[in-house]
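Input: a single structure, listed below in structure tokens.
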Amino acid sequence: MKVLLVPQGNRAVLIRLDEDGSPSGGSSPAEEVTDDLVGSVAAVEREHAPRWVWEDTSRIYPRLLDAGVRVRRCHDLALVGAILAMRTGRTTTPSTPADLRPGLFDADPHADPVAVLAHYRRQIEEIGDDRGLQLLAAAESAGGLAAAEMTFDGLPFSAAAHRRHLDATLGARPVDGSTPPALVKLENEISSVFGRRVNPGSPAEVVAAFARAGIELTSTRAHVIRDIDHPAVPLLLRHRDLSKLHSTNGWTWLDAWVRGDRFRPVYVPGAVVSGRWASRGGGGLQIPKPLRASVIADSGYTFVAADAGQLEPRILAAMSGDPRMVAAAGTADLYAPVAAESFDGDRAHAKVAVLGVLYGATSGEARALLTRLRARFPDAVAVVEEAARAGERGEVVRSWLGRACPPPTPQWWSTGDAHARGRFTRNFVVQATAAEWALCLLADLRGRLRASRSELVFFQHDEVVVHCPLGDAPWVSEAVAAAADSATRLMFGDTAVLFPMETRIDRFYGAPAAEPEFGPESD
């Protein structure tokens, strides 16, 4: 069953649809106008669990979540529309996910139900009988639901632990918002070493200071100055690290993005052309190590963190069907059989060769290794090399399920680097397919967790993190493995390729051995 939902303030229009997207009832569609959007959605979801058809999950779903209503599945016109538009070279206006701030829905314009229905019908016609696109649309839409839920639920994060880390590293928080004591101390020490006042945050001043010491610099980047023999270098590197902590994840960041001991970034599904996610604000997909120490499960709970090892090489094996590569990917360590087949058992060479063919490292030693890899695994190598040649010709390539890469720009046709585009399309076909597999896993796992007290709290490329009661951790680990198997069958059918999930169960997302025993309390 499908239901079109068009919110209009607190009211809503609901239209029941047949499987082909046409209104149920033919010329007299069963249209319901309700003054209770949330209550009506809850009732229909409870009774029928339909596939909801709506304009934009990031705009509609947060309101339902705030009222305690969750839905099983949907068709997100914005997310699916972006996929379809890229396939035909059309441009779309990217969706900006909601951030749950008060008043968010007050200014929402009222959409026309007839126009929204027509939009959906066009998408259904464009997808047609293409099973890959059907699966991609469903998986992308499920990802939209999961993203909204993860933003709403938040990642358990001890604000008190992070404050202690900031205080220990930067010194006490200045009440006037001025420079923290640790940075002030470093600035004074750097100036003392150079013999005059130097602002370490100014590349020009740092270059000039080294020049006065007889050292010529072309850049103040860390990898450039790290090897210089001068007493200011360790101080500058330390200052850079602490400045980044202060500006990126300091007290202001903590105030803005951690509420109720939950880190709540806004996840943006499909933000990268390959289908990978991004986040808006807070750096949700780039949690640095110092922050991970404050990601601590609630009392009585733990994390089940799982990632798919060697994902992209295994995806290539499944895509190509190369018999030898499939056999290698049917083991726990793909590189070991490849090494035995082609590199006299040298696993390091096997890894360099496989990653080189994925990412276009085809010069020097990598070229010689690629030649040996091509001889033993011709079908696997052909998949990415054909994609690279297509890119060099300015063609559009597609993932396993049908996500298209962006076409070349007009500027590329006149001055573009064909080899660079070939490297991009070479990796796109595998990376985008890996993103699809991960989405299928996420959607399946989300369904398995629905009736439990466990919640998805983090997702990045090939990693999922579940926050669950301690006693449920073994079951959740099994659910993750089952979801991976389900994603593999959905994508590739009866393949011998394995996608093993490396799972860790721990209350601490970071390094537990180095962390004191404290929980996620609030000051």
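The values are calculated or read from the model by the stated rules, or taken from the named source; none is laboratory data. Since the model is a prediction, treat every value here as computed from it, not as a measurement. Positions of Cβ are generated from backbone atoms using ideal geometry, with glycine treated the same way; all protein chains shown enter the neighbour counts.
For segment 364-470, give me every one of the helices (runs of 4 or more DSSP H) that falls completely inside it and has 1 or more residues that are out of contact with any helix residue (DSSP H, G or I) (no Cβ under 7 Å at 6 or more places or on another chain) and either among the aromatic types (Phe, Trp, Tyr) or surrounded by 16 or more Cβ atoms within 10 Å (Cβ to Cβ) (or both). Reasoning before the result, please.
Values: elements: 365-376, 378-392, 410-415, 418-449.
In segment 364-470, 378-392, 410-415, 418-449 are the helices (runs of 4 or more DSSP H) which contain 1 or more residues that are out of contact with any helix residue (DSSP H, G or I) (no Cβ under 7 Å at 6 or more places or on another chain) and either among the aromatic types (Phe, Trp, Tyr) or surrounded by 16 or more Cβ atoms within 10 Å (Cβ to Cβ) (or both).
When the residues of segment 28-76 are filtered to those that are under 20 Å from the mean Cα position of the chain (by Cα) and in a helix (DSSP H, G or I), which remaining residue is surrounded by the fewest Cβ atoms within 10 Å (Cβ to Cβ)?
Here the answer is Arg59.
Restricting the search to segment 400-415, which residues are on the phi < 0 side of the Ramachandran plot and touching a residue at least 12 places away in the same chain (Cβ under 8 Å)?
Across segment 400-415, the qualifying residues are Trp400, Leu401, Arg403, Ala404, Cys405, Pro406, Pro407, Pro408, Trp412, Trp413.
Can you confirm whether Val354 is surrounded by 22 or more Cβ atoms within 10 Å (Cβ to Cβ) and closer than 24 Å to Met491 by Cα? Quick ask: steps written out before the conclusion?
Details: surrounded by 22 or more Cβ atoms within 10 Å (Cβ to Cβ): yes; closer than 24 Å to Met491 by Cα: yes.
It is true that Val354 is surrounded by 22 or more Cβ atoms within 10 Å (Cβ to Cβ) and closer than 24 Å to Met491 by Cα.
Mind telling me which of the residues Ala482, Ala496 ends up being touching a helix residue (DSSP H, G or I) at 6+ places or on another chain (Cβ under 9 Å), assigned to a loop (DSSP other than H, G, I, E, B), at pLDDT 95 or above and not assigned by TED's automatic domain parsing to the domain that holds Cys74? Give the steps one after another, and end with the answer.
Details: Ala482 fails: assigned to a loop (DSSP other than H, G, I, E, B).
Of Ala482, Ala496, the one residue that is touching a helix residue (DSSP H, G or I) at 6+ places or on another chain (Cβ under 9 Å), assigned to a loop (DSSP other than H, G, I, E, B), at pLDDT 95 or above and not assigned by TED's automatic domain parsing to the domain that holds Cys74 is Ala496.
Taking the condition of being under 15 Å from Ala111 (Cβ atoms) and part of a loop (DSSP other than H, G, I, E, B), how many residues in segment 1-27 meet it?
Looking only at that region, the number is 2.
Do you know which residues across segment 273-284 are surrounded by fewer than 22 Cβ atoms within 10 Å (Cβ to Cβ), more than 17 Å from Phe152 (Cβ to Cβ) and in contact (Cβ under 8 Å) with a residue 60 or more places away in the chain?
Across segment 273-284, the qualifying residues are Val273, Ser274, Arg276.
Please verify whether Asp307 is under 27 Å from the mean Cα position of the chain (by Cα), farther than 30 Å from Asp153 by Cβ and of a type in the set (D, E, K, R), treating the condition exactly as stated. Quick ask: steps written out before the conclusion?
Numbers: under 27 Å from the mean Cα position of the chain (by Cα): yes; farther than 30 Å from Asp153 by Cβ: no; of a type in the set (D, E, K, R): yes.
Answer is no for this residue.
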